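Worksheet: the structure to be examined is printed underneath.
The values are calculated or read from the model by the stated rules, or taken from the named source; none is laboratory data. What you see is a predicted model; the values in this text were computed from it and never measured. When we count neighbours, we look across all protein chains shown, and the Cβ atoms used for this are built from the backbone with ideal geometry, even at glycine.
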Amino acid sequence: MSSGSADAPKKYLRTKEAAPVVGLCARTLEKHRTYGTGPTYRKIGGRVLYDIDDLHAWIAQGARTSTSDTNASELPPAKPHAARAPAYAGKQR
């Protein structure tokens, strides 16, 4: 029997386990999930699970070679701007 990674079962991480992989706290990862700006996840019953490959792919989206790199996509923050948040739509000050 070979010991390659193709034979290994797929590993899914819960939020608290996935957060250190991407260098964030669990609460920030939850916020990204709420706003739709985070990595792909699966919901099985009441559990949120992240595939390690999806976490690495999300991190790779923010890869840059310089501060003026225009070919890289930007990973949005976990907090949407007030102008884009649905709760603020149409409110006048």
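Number of residues in region 18-68 that are more than 16 Å from A78 (Cβ to Cβ) and of a type in the set (K, R) equals 4.
When region 78-93 is filtered for residues that are modelled with pLDDT under 75 and either over 16 Å from Y35 (Cβ atoms) or not in a helix (DSSP H, G or I) (or both), the ones remaining, listed by number, are K79, P80, H81, A82, A83, R84, A85, A89, G90, K91, Q92, R93. Within region 48-61, restricting attention to residues that are over 16 Å from K10 (Cα atoms) and surrounded by 11 or more Cβ atoms within 10 Å (Cβ to Cβ), the residue that is modelled with the lowest pLDDT is Q61.
Filtering region 65-77 to residues that are over 15 Å from R33 (Cα atoms) and surrounded by 12 or more Cβ atoms within 10 Å (Cβ to Cβ) leaves only A72. Tally the residues that are in contact with a helix residue (DSSP H, G or I) (Cβ under 7 Å, 6 or more places away or on another chain) and surrounded by 15 or more Cβ atoms within 10 Å (Cβ to Cβ), restricting the search to region 35-47. Residues that pass the stated criteria total 3.
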